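To start, the structure itself, in structure tokens.
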Amino acid sequence: MGRVPDFLTPPADVQDWAKGHGLEIVLIVTGTILLTRVIRHVGNRITSRIDDAAQETDALVRSEATKHRHAVAQVLTWLTMVLVYCLAAVLVVQRLGIPLTGLVAPATVAGVALGFGAQRIVQDLLSGFFIITERQYGFGDVIRISIVGVGTPAIGTVEDVTLRVTSIRSLDGEVIMTPNGQIAQVTNLSRGWARAVVDVPVPASVEVGRVSTILRQACQAAYEDPELQPLLLDVPSVMGVESIDVDQFHIRVVARTLPGRQFEVGRSLRSHIAEALLAEGVSAPSTVDTAAPTEVE
């Protein structure tokens with residue numbers, strides 16, 4: 001076997017560094033990758049156990065407690081991974097022989113520059129911190145958010161909450177990712193319980209008392225519906241005449257529902273009301289509108 005040329009043989013000090021600090025750097029990087037994967041796996045297992053445990057509790061309690069725990073678990077997982085990466089970076093810099101004290105001045109200058117250039121990121125992180133600590137919304141909540149600079153609010157189900165962004169899925173299946181610092185107002189449509197509001201237009205020639213009786217019977221039939229009853233907290237109520245027009249008046253029906261299920265309940269309730277009115281010979285207009293969702297208590 002021939003002799004290896006001298007120019008292909010690394011110097012002795014390089015060999016010593018590779019066997020010492022170089023090997024340590026490789027081990028640190030490898031350990032960091034493995035550790036972050038373990039942290040991510042543990043975070044996923046925690047959220048899965050939260051879901052499994054919540055299925056054994058009441059639906060109303062599950063929808064509140066689970067959502068906040070999801071958000072906290074995701075944020076803690078993200079923060080732990082960031083700390084691991086920062087610690088690994090410090091250890092690698094030390095193994096490269098770069099004095100950390102010499103990085104204080106450049107880090108200060110870089111911090112000031114980032115402070116001016118990354119104000120929006122800092123704002124996003126602070127906003128995300130308060131969103132989670134104040135339990136404004138969490139995983140699985142149905143929310144309506146007003147975004148700075150965007151005229152139309154976004155409505156959807158929260159799929160992910162981190163310190164920087166909130167991801168919601170709209171009714172059309174689109175995923176809307178919004179920086180937390182750009183959220184001007186949040187309306188939580190699934191906090192504790194929700195309300196389905198149906199305004200029923202009735203011809204002015206029909207007696208109000210008769211229509212109210214028909215609507216109460218329709219509400220009782222809706223509550224006894226085996227598919228609809230699990231979504232209702234109590235029997236829907238007939239509130240009375242909401243408005244009067246020239247040729248018709250509107251009677252409001254209100255139903256308390258599980259969080260986020262007010263839209264589904266509203267559709268089913270309209271169906272029961274329409275069938276009841278037709279069975280009694282009351283010809284309602286072709287449109288039965290649901291009032292705009294009100295903020296739940």
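The values are calculated or read from the model by the stated rules, or taken from the named source; none is laboratory data. Just so you know, these numbers come straight off a predicted model, no measurement behind them. Here the Cβ positions follow ideal geometry from the backbone for every residue, glycine too, while neighbour counts run over all protein chains shown.
Name the residue that is nearest to Tyr137 (Cα to Cα), counting only residues in segment 161-220 that are among the polar types (S, T, N, Q) and touching a Lys or Arg at 6+ places or on another chain (Cβ under 7 Å).
Filtering segment 161-220 down to residues among the polar types (S, T, N, Q) leaves 162, 166-167, 170, 178, 180, 182, 185, 187-188, 190, 205, 212-213, 217, 220.
Okay, now just the ones that are also touching a Lys or Arg at 6+ places or on another chain (Cβ under 7 Å), so 180, 187.
Working: Asn180: 12, Thr187: 9 Å.
Residue satisfying both the conditions and the ranking: Thr187.
Determine which member of the set Val104, Val112, Val38 is at pLDDT 80 or above and either surrounded by 12 or more Cβ atoms within 10 Å (Cβ to Cβ) or of a type in the set (Val, Ile, Thr) (or both).
Answer to the selection: Val38.
Is it the case that some residue within segment 213-231 is modelled with pLDDT under 85 and among the charged types (D, E, K, R)?
From segment 213-231, those modelled with pLDDT under 85 are none; that's our starting set.
Checked segment 213-231: no residue is modelled with pLDDT under 85 and among the charged types (D, E, K, R).
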Can you find a residue that is part of a helix (DSSP H, G or I) and not assigned by TED's automatic domain parsing to the domain that holds Ser268 anywhere in segment 150-169? no
Please enumerate the residues belonging to segment 124-146 that are surrounded by 20 or more Cβ atoms within 10 Å (Cβ to Cβ) and either aromatic (Phe, Trp, Tyr) or in contact with a Cys (Cβ under 8 Å, 6 or more places away or on another chain) (or both). Tyr137, Phe139
Cβ-Cβ below 6 Å, separation at least six or inter-chain, first residue in segment 194-223 and in contact (Cβ under 8 Å) with a residue 24 or more places away in the chain and in a helix (DSSP H, G or I), second acidic (Asp, Glu) and surrounded by fewer than 23 Cβ atoms within 10 Å (Cβ to Cβ): which pairs? Ile214/Glu280
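Being closer than 30 Å to Ser205 by Cα, basic (Lys, Arg) and in contact (Cβ under 8 Å) with a residue 60 or more places away in the chain is the filter here, so list the residues in segment 225-277 that pass it. Spell out how you get there, then give the answer.
Of segment 225-277, the ones closer than 30 Å to Ser205 by Cα are 235-255, 265-277.
Okay, now just the ones that are also basic (Lys, Arg), so 252, 267, 270.
Correct list: Arg270 only.
Yes/no per residue for (1) at positive phi; (2) outside any helix (DSSP H, G or I); (3) among the aliphatic types (A, V, I, L, M); (4) modelled with pLDDT under 75:
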site: Gln15; (1), (2), (3), (4): no, no, no, yes
site: Ile25; (1), (2), (3), (4): no, no, yes, no
site: Thr30; (1), (2), (3), (4): no, no, no, no
site: Ile46; (1), (2), (3), (4): no, no, yes, no
Take the residues in segment 242-287 that are in contact with a Lys or Arg (Cβ under 8 Å, 6 or more places away or on another chain) and under 15 Å from Asp199 (Cβ atoms); name whichever of them is modelled with the lowest pLDDT. Gln262
Looking at segment 68-101, which of the residues that are out of contact with any strand residue (DSSP E or B) (no Cβ under 9 Å at 6 or more places or on another chain) and closer than 30 Å to Gly192 by Cβ is modelled with the lowest pLDDT? His68
